[in-house]
Amino acid sequence: MSTSFLVSGRRVFLALDGRHGIRNTLFGSRLVSVPRRSIIDMSYSSHFMDFKGSAIPSSMKKLVVTRLSPNFRDAVSLQTVPVPTPGDAELLIRNRFVGINASDINYSAGRYDPTVKPPFDAGFEGIGEVVGLGLSASAHYAVGQAVAYFGEGAFSEYIVVPAQKAVPVPGVKPEFLTLLLSGATAYISLKQLGDLSAGETVLVTAAAGGTGQFAVQFAKKSQCHVIGTCSSDEKAGFLKSIGCDRPVNYKAEDLHAVLRGDYAKGLDVVYESVGGEMFDLALNCLATRGRLIVIGFISGYQTPTGVKPVRAGTLPVKLLQKSASVRGFFLPHYLTEYREAMRHMLEMYERGELVCEVDLGETAPEGKFTGLESVFRAVEYMYSAKNIGKIVVELAHPVSSKL
């Protein structure tokens, strides 16, 4: 029994043998151990060949959580493992860019699911090319296609992803990666929980970061007045460039004084990701019927408990007096809205209506974030509060011989 498909413009014939593997009849009889109904590029020596003709190695690097700790360097190790094989409804993706998130250290500390014990794979999101796929997956995807995804184990050179969880993108650009978690969190939370109306006042904390940049833009598109907190004049300049009406560098200005003095009527919506004292301030400054959306509390992630205490003893009174609300948002609970959000954001970006700021670490102390080894630096860079936009690591792949 045989099948065929195109690779780099050449048709390659593959034959299935009795061991449920695929035998390459063009380049010899070396058996590639993959499921009977999987489609791969081809085998050559000990390698598969990707759609451009360069070799897919038999092994790869990935980051694995080997002990629970909010200290990413202590918790995670770089390991060499075999390149995985896609199943019938799966894609094998060669990662080109992976995203850094504040919650990477929550995950390495075991806070998401206490029942999951090390070792487990680290990282939440990536973008790259399909280099192998199962037969069912081939109905919707093709080798060489650019795709993005979010899910556990993204900090790896290659990853197998269920086809239904992949998102086709126009190209392998880090800007598209910014939309997967950061953009989608802002888009869906403000749409579902923000109830934004024209003329309302919106505060975005950590506004120049990966998700804050999108909250600023989506609030402006709803014709709101937007205040954005940040930690430098450079970030304040960036916020102005994306439409923020009132950037506040809290290292140079007293945020409490600004809110009490210039916004005495209160805040209609707060997009909050800092926690601790910032949460308390935002809560106290809510307007009547104000909505405080909690998408994180990064100020506490590096602590043993993962959260800094807030003065919530009088919370019921404060909410009742203002008919206000505090609303939590966790993206995995809103996956029914995810694909529509991605479609709309991609269209906005392609039309030039959405800025997707990427920070590849060019200004970081040791330079650009390249290769999985630099993920450790990138996580530390995030917690130094130096980034503008989404922190992204570029994965470098060695170039092998061509067909």
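The values are calculated or read from the model by the stated rules, or taken from the named source; none is laboratory data. Model, not experiment: these values are computed from the prediction. Backbone-built Cβ (ideal geometry, glycine too); neighbour counts: all protein chains shown. For the accessible areas, the whole protein counts, side chains as well, though only heavy atoms, and no ligand, DNA or RNA atoms are used. Shrake-Rupley method; radii C 1.70, N 1.55, O 1.52, S 1.80 Å.
Here are the numbers for this structure:
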item: Tally, over the stretch 198-254, of residues that are at positive phi and acidic (Asp, Glu); result: 0
item: Residue within the stretch 318-331 that is buried (at least 16 other Cβ atoms within 10 Å of the Cβ), out of contact with any Asp or Glu (no Cβ under 9 Å at 6 or more places or on another chain), at pLDDT 95 or above and within 19 Å of residue 107 (Cβ to Cβ) present; result: yes
item: Tabulated pairs, the stretch 92-112, first free of Cβ contacts under 8 Å to residues at least 60 places away in the same chain, second open to solvent by 10 Å² or more (accessible area, probe 1.4 Å) and in a loop (DSSP other than H, G, I, E, B), C-beta under 6 angstrom, 6+ apart or interchain; result: 110/68
item: Within the stretch 194-295, helices (runs of 4 or more DSSP H) holding 1 or more residues that are more than 24 Å from residue 358 (Cβ to Cβ) and free of Cβ contacts under 8 Å to residues at least 40 places away in the same chain; result: 255-262, 277-284
item: Residue check, residue 185 of a type in the set (S, T, N, Q), free of Cβ contacts under 8 Å to residues at least 12 places away in the same chain and under 30 Å from residue 300 (Cβ atoms); result: no
item: Pairs, first touching a residue at least 60 places away in the same chain (Cβ under 8 Å) and within 13 Å of residue 158 (Cβ to Cβ) in the stretch 123-146, second open to solvent by less than 10 Å² (accessible area, probe 1.4 Å) and in a loop (DSSP other than H, G, I, E, B), C-beta under 7 Å, six or more apart; result: 123/153; 123/154; 123/155; 131/41; 131/50; 132/41; 132/86; 133/86
item: Criterion: open to solvent by 70 Å² or more (accessible area, probe 1.4 Å), in contact (Cβ under 8 Å) with a residue 60 or more places away in the chain and either out of contact with any helix residue (DSSP H, G or I) (no Cβ under 7 Å at 6 or more places or on another chain) or of a type in the set (Asp, Glu) (or both) - qualifying residue of 366, 362, 357, 350; result: 350
item: Residue within the stretch 309-322 that is under 22 Å from the mean Cα position of the chain (by Cα) and either in a loop (DSSP other than H, G, I, E, B) or among the hydrophobic types (A, V, I, L, M, F, W, C) (or both) present; result: no
item: Conditions (1) surrounded by 24 or more Cβ atoms within 10 Å (Cβ to Cβ); (2) farther than 21 Å from residue 283 by Cα: number failed by residue 190; result: (2)
item: Qualifying residue in the stretch 112-121 (condition: open to solvent by less than 20 Å² (accessible area, probe 1.4 Å), of a type outside the set (Gly, Ala, Ser) and touching a strand residue (DSSP E or B) at 6+ places or on another chain (Cβ under 7 Å)); result: no
